[in-house]
């Protein structure tokens, strides 16, 4: 039976005896409480202690150490408590076990039983404590001694043993013996148990003799006692028979065991001889050592391997003969293997370097076989062999494998191994990079054809299949990497048979040909680009002989390929390109640099052409020039365009006269020449009078043809040394060279004025136009070109002021007026933002009702230095400078705000009249501006009146009619100011949607005394009434004027007779304080 099974069985039987006894107490079964009525009882606490002890013993052997130790502690407590109760004479413990149920009258265990359980508890708790003495076995022997004492007492009928309460019951003794026996063998490799269970001679002898040593004296003693009780012999005879029987039986036993030992010894000697013979003939060296490393045995071939005799090895210390000779790099690993061998029984298998006695290093392969106990100490067997050749072979293989792996990994091309099913088995780093894998595990086991482009996948599978059939397969195919990059690969594949893999594999070496593929594609593109290039491309050798020319070259030059190939570009030279250009060309390209320049070459048909050429040298890998590449662009049209552009840059495209830029250049040259030669010259500025009317009425084509005719007429009248230029629009300039006095310039100007007296015939139109001319003299008026221009312009302005169609020399007074004009313009620009402009309002009287019917908004400039400036001094300047637009908008807004304020203040509704200039009327957004002001000020449109002069309307009658109708549609009133001073026709007048016609003050001033003025006024009133318009007269200052106008039926009047222009607040008081009656 297995040792562990025996101990577990002993523990379970012990527990079973306890459980049966507890059942006897619980169910009051007397037979279970005591074996015989004459024997003592086993008390409940004793039975419980056996149950716990048996469980602890079984758990200890089974490996449940935690539970076993807990039960052992409980057993120890059950053994100690009764003794404490007896020593202290306390009845509490006895009362605990005798109270209630079937336990009534029960006592507690005896002192002898207590000693058993104290020993059992301590022994069970000490099991497995290897570093302590075998306390469990000492406790087991004590328990067995107590049990034997009790059992012999019962066997020999010792009354005080089974009759006294201080001894144990017979089944208590039996259970204790079982417990002691099981506890004795709970640690089979230690102490007494190890000796008994040993397979050596001592263990064998002890196992054979021990049962007889225990049983023979007990049995013989019992027979002797029975004989004495039966009266067969006396005590002395019984003792003699007992002694003789023991001697005879023991002698026979010793003889039989001696013969057994002799046979065992002979067998051992034979086995040892066979063992030594076997050990001596095997190549490995066998050894036996103790836990300290001391060699107890080593086979004879150790001397051959180590170079040290067996005697030296057995006599020497472990450090001297073994550990000191191990290579330092291997020593720690070997020492750890030995420590683990004896401490944890871990077998080792190591290779290490060992220094022989002669100093040579060898490789030893050593492994342990088993660990066992020998003569009370641990021993181990093992073997070692000289592994030098094998290790050298293995290291060489490993080095070779490392070299191959290094080559595999360092190979710049993709190297991969595929299984027969196309899965990836291995790949080098270059291959990983090629397929865009970050690590090897990401690629292994994957099917490589998944990366192949769909259009190449079938060819790729055939490529692998061909390799598996033993062919050397080649293929170019496209792949898409794991991260999406596309590559072209050029691959070769061969089969690699591996027997251990039971299948063929394929070695694939792939080169990334993406760059080459792209280069080929690029080359095809470049070839197509060259063939279809719009520029001529020529390639020559280093001697300038033409090797290639594209189609554009042949198209440009007219030559055929057979006429060009082998020739030099000199065939294209026309002789029109400077020799220095060719010299610079060759110096540049022979120096390895690019050359860019222009040639004036000749085609095959003799026609010359301009070309822009870039020539670049082509070098080989050594840097030597092998070819030249020329790119030629036909720039003949560009050259012509540049000539035209240069002409247009300095000449007026309409008249072909010098433009402003060329004129200023020639004027500067004339000034320099005049300074050098001390000559005088005149500068004339000429402007056509009312030229705009021609454009507006007859159209711009007629106006352009008129300008050309004017330019030609002026050009013919000048000397070849003089210069005439068109500065823009209808403005011309003339530089008259070498005059002796101002009279020469005056005569030429008068001649020009005379030339314009003749009509111009343009497209069946007979046109008359006059010029205004301003003249400045060098050096009399100024000594630099800019000043002469400015002064001539001032003189021209003066000529226009004096009625046009005249010439004026520059004078100092003109300059002062020009400066004054400039000063007023600059100050006027700030007047609006500085709130210097104000509005005055002059009442308009309804002659029929005698009441105020409206007011006219009149602009004034409250100048900080000059005081109140009337509009006549700045309105013209505002119109010339473009300031009239913002000023007019401000006037419109302020007038509407004032009228709305009067309306809100409770005054009766009146019209507010606002004057609008021609430039304001021509603004594209004029109507929108008026609508926006009305919306902002919330003034009803019918309370606003827009006044326009007759000349303002007639500058562009059609546009004016459209604007006036739009204003009329909004509900705004319209008035024509200064009627009779312009040149409007009655046809236009009837179409203009005016509500009022205002008689100009020039007709009102002498209306009572001058019959002509009276007739004009009477006619205007009659015409207004006949056209259903209101007639209003301005400038009424006398009673005579009032009486005339009232008599003629004039509807409204305005003038100083009733009121001067008033400010907003003053006008409000004026309206409130006066009542106007007819």
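Derivation of every value follows stated rules applied to the coordinates shown; laboratory data play no part. Model, not experiment: these values are computed from the prediction. All Cβ positions, even for glycine, are placed from backbone atoms using ideal geometry, and neighbour counts span all protein chains on display.
For the range 884-1073, how big is Rg over Rh, using alpha carbon atoms and the Kirkwood form of Rh?
Computed over Cα atoms, the ratio is 0.97.
Could you work out the pair-distance distribution P(r) of the range 597-660 from its alpha-carbon pairs, with 10 angstrom bin width and percents rounded to whole numbers?
18, 27, 23, 19, 8, 5, 0
Taking neighbour counts of Cβ atoms within 10 Å as a proxy for exposure, in what order, fewest first, do 702, 321 appear?
With the sparsest Cβ surroundings first, the list reads 702, 321.
Cβ neighbours within 10 Å, averaged per peptide: list 781-787, 893-899, 409-415 in order, most packed at the top.
Values: 781-787: 16.4, 893-899: 22.0, 409-415: 14.7.
Going by the mean number of other Cβ atoms within 10 Å, highest first, we get 893-899, 781-787, 409-415.
Can you grab the distance from the C-alpha centre of the range 676-744 to the C-alpha centre of the range 863-883, Å, no decimals?
33
Two decimals is fine: what is log10 I(q)/I(0) at q = 0.19 Å⁻¹ for the range 651-810, from a Debye sum with one equal scatterer on every Cα and no solvent?
The Debye formula, applied to the Cα set alone, gives -1.19.
For the pair residue 643 and residue 965, what calculated FRET efficiency results from E = 1/(1 + (r/R0)^6), where r is the Cβ-Cβ distance and R0 = 51 Å, to the nearest 0.05?
Working: r = 52 Å, r/R0 = 1.03.
The computed FRET efficiency comes out at 0.45.
Set the Förster radius R0 to 56 Å, insert the Cβ-Cβ distance between residue 262 and residue 16 as r into 1/(1 + (r/R0)^6), and round the FRET efficiency to 0.05. Walk me through the numbers before you get to the answer.
Numbers: r = 44 Å, r/R0 = 0.79.
According to the calculation, E is roughly 0.80.
Test of understanding: what is the full-extension gain from residue 593 to residue 1028, defined as 0.36 nm times their sequence separation minus their Cα-Cα distance? Intermediate results must be reported in sequence, preceding the final value.
On the way: separation 435, 0.36 × 435 = 156.60 nm, distance 8.98 nm.
Extra length available between residue 593 and residue 1028 comes to 147.6 nm.
Going by the alpha-carbon gyration tensor, a ≥ b ≥ c the square roots of its eigenvalues, is the range 840-996 rounded (a/c under 1.5) or, if a/c is not under 1.5, prolate (a/b greater than b/c) versus oblate? Before the final figure, lay out each step's value.
Details: a/c = 1.38, a/b = 1.07, b/c = 1.28.
Since a/c stays below 1.5, the shape of the range 840-996 is classed as rounded.
From the helices alone, meaning DSSP H stretches of at least four residues, give me the mean residue ellipticity at 222 nm for the chain, per-run term -39500 (n - 2.57), in deg cm²/dmol to the nearest 500. Before the final figure, lay out the partial values.
On the way: 41 runs with 551 residues, N = 1078.
Rounded to the nearest 500, it is -16500 deg cm²/dmol.
Please work out the FRET efficiency for the pair residue 471 and residue 513, using the Cβ-Cβ distance as r and a Förster radius of 22 Å; give the result to the nearest 0.05. Show your work: numbers first, answer last.
On the way: r = 21 Å, r/R0 = 0.98.
The calculated FRET efficiency here is 0.55.
Taking the beta-carbon count within 10 Å as an exposure proxy, list 363, 222 from fewest neighbours to most. Walk me through the numbers on the way to the answer.
Working: 363 20, 222 14.
Taking fewest neighbouring Cβ atoms as first place, the list is 222, 363.
For labels at residue 26 and residue 409 in the simple 7 Å Cα→Cβ model, what's the distance in nm?
For the pair residue 26/residue 409, the computed spacing is 7.3 nm.
How far is the Cα center of the range 355-393 from the Cα center of the range 600-661, in Å?
96
Rounded, prolate or oblate, given the Cα gyration tensor of the range 534-655, with a/c below 1.5 counting as rounded? Present the calculation step by step, with values, prior to reporting the outcome.
Numbers: a/c = 2.46, a/b = 1.68, b/c = 1.46.
Cα axes put the range 534-655 in the prolate bin.
Let me check the size of the chain from its C-alpha atoms; what are the radius of gyration and Dmax in Å?
When restricted to Cα atoms, the chain yields Rg and Dmax of 70.3, 208 Å.
How far is it, in nm, from the label point at residue 393 to the one at residue 563 when both lie 7 Å from their Cα along the line to the Cβ?
So the label points at residue 393 and residue 563 sit 8.5 nm apart.
How much length would be gained if the chain were fully extended between residue 751 and residue 251, taking 0.36 nm per residue of separation minus their Cα-Cα distance, in nm to one decimal?
Working: separation 500, 0.36 × 500 = 180.00 nm, distance 18.22 nm.
Stretched out fully, the residue 751 to residue 251 stretch lengthens by 161.8 nm.
Which angle between 0 and 90 degrees, to the nearest 10, do you get for helix 812-831 versus the longest principal axis of the chain when only C-alpha atoms count?
Long axis of 812-831 versus the principal axis of the chain: about 40 degrees.
Would you mind ranking 108, 627 by Cβ crowding within 10 Å, fewest neighbours first?
On the way: 108 22, 627 15.
Going from sparsest to densest Cβ surroundings: 627, 108.
One quarter of the convex hull surface, Cα atoms only: what value does that give for the range 1039-1078 in nm²?
Working: hull surface 12.8 nm².
Mean projected area for the range 1039-1078: 3.2 nm², to one decimal.
Averaged over every viewing direction, what's the projected area of the C-alpha convex hull for the range 319-399? Give it in nm², one decimal, please. Mind showing how you got there, number by number?
Values: hull surface 25.1 nm².
So the mean shadow area of the Cα hull is 6.3 nm².
From a point 7 Å beyond the Cα of residue 697 in the direction of its Cβ, which residues of the range 761-798 have a backbone N at a distance under 13 Å?
From the range 761-798, the list is 765-770.
Using a 7 Å offset from the Cα along the Cα-to-Cβ direction at both residue 212 and residue 938, what is the distance between the two label points in nm, to one decimal?
14.4
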